Amino acid sequence: MEIFFIIILGFTAVALFDAIGAVLSRILNFNYAMLMIGSIIIYATVAVFTAKYGGIIIGIIAGFLMGVFDVTVGLKISEKLKANIPDKSLTFSIDIKTVLAVSVFAAIVGGIAIVLIL
């Protein structure tokens, strides 16, 4: 039950971070992509806490799930709230390659955090 709760908290953190970041990037006129470090911190935190209760593999899977959520739901939140992305060649399109790339990246970040912290 703890693992499920941590993952739900992670999804909530990603959604709130993306929403607040999108609005602030527009208001304060900074590149939304600069907030990537915050997403990385969320991926790592969720992975470490889920690994604490369920083991390394569960932690890595949780990191992967954070990536999937961020690149799908988080991306749509950013698009709807008109995040400031100066590079007009970047789009808000969701395709399988992007989902896999971000999710695998999040899993790797989670795995590294688990090894370093636990």
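Residues that are surrounded by 14 or more Cβ atoms within 10 Å (Cβ to Cβ) and more than 13 Å from the chain's Cα centre (by Cα) within segment 21-49 comprise ALA22, VAL23, LEU24, SER25, ARG26, PHE30, TYR32, VAL48, PHE49, listed in sequence order. Pairing residues of segment 57-69 that are more than 14 Å from ALA15 (Cβ to Cβ) with residues that are modelled with pLDDT under 95, at Cβ distances under 9 Å and at least 6 apart in sequence or on separate chains, gives GLY59/LEU118. Restricting attention to segment 85-102, does a residue exist that is surrounded by 15 or more Cβ atoms within 10 Å (Cβ to Cβ) and in contact (Cβ under 8 Å) with a residue 40 or more places away in the chain? Looking through segment 85-102, at least one residue is surrounded by 15 or more Cβ atoms within 10 Å (Cβ to Cβ) and in contact (Cβ under 8 Å) with a residue 40 or more places away in the chain.
The values are calculated or read from the model by the stated rules, or taken from the named source; none is laboratory data. Worth saying up front: this structure is predicted, and the values here are computed from it rather than measured. Ideal geometry is used to build each Cβ from the backbone, glycine not excepted, and the neighbour counts take in all protein chains shown.
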